[in-house]
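Quick notes on the structure that follows.
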């Protein structure tokens, strides 16, 4: 099973071949891909490595986490993969076996410009209640 590693704090201008050779010195079966800006094609400061063996992945973390590379101290850790709807594949945020998510539930209020017929405008509520009382007190001939 492949292990995915997050490698952060990469310099914007770096040679990916040089970094891949550094990874290959640690072990075999490591594939690295830097995340690049679409417009400028410069590194966005992080990338991901796929490692075939868990022992090699631990060696990469031990040897590269905090190590200086082209003027930056690297940050290397295991990456949690995300599925297509943004939830963790480990099921932390999805409902499993009837259990709810770990997120705190919040009530959402939606503002609408349409008048609510059931309730009067709160700015005029006092005046409307006075008007209703005046109308109720009026005596009219039937």
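Laboratory data are not the source of any read-out in this text; all were calculated from the coordinates shown. These numbers come from a predicted model, not from an experiment. Positions of Cβ are generated from backbone atoms using ideal geometry, with glycine treated the same way; all protein chains shown enter the neighbour counts.
Might you let me know whether the stretch 18-30 holds any residue that is free of Cβ contacts under 8 Å to residues at least 60 places away in the same chain and within 23 Å of the chain's Cα centre (by Cα)?
Within the stretch 18-30, the first condition is being free of Cβ contacts under 8 Å to residues at least 60 places away in the same chain, and the residues that meet it are 18-30.
Checking the rest, the ones that are also within 23 Å of the chain's Cα centre (by Cα) come to none.
No, the conditions are met nowhere in the stretch 18-30.
Consider residue 36 against the criteria (1) over 14 Å from residue 6 (Cβ atoms); (2) touching a residue at least 24 places away in the same chain (Cβ under 8 Å); (3) in contact with a strand residue (DSSP E or B) (Cβ under 7 Å, 6 or more places away or on another chain): it satisfies all of them except one. Which criterion is unmet?
(2)
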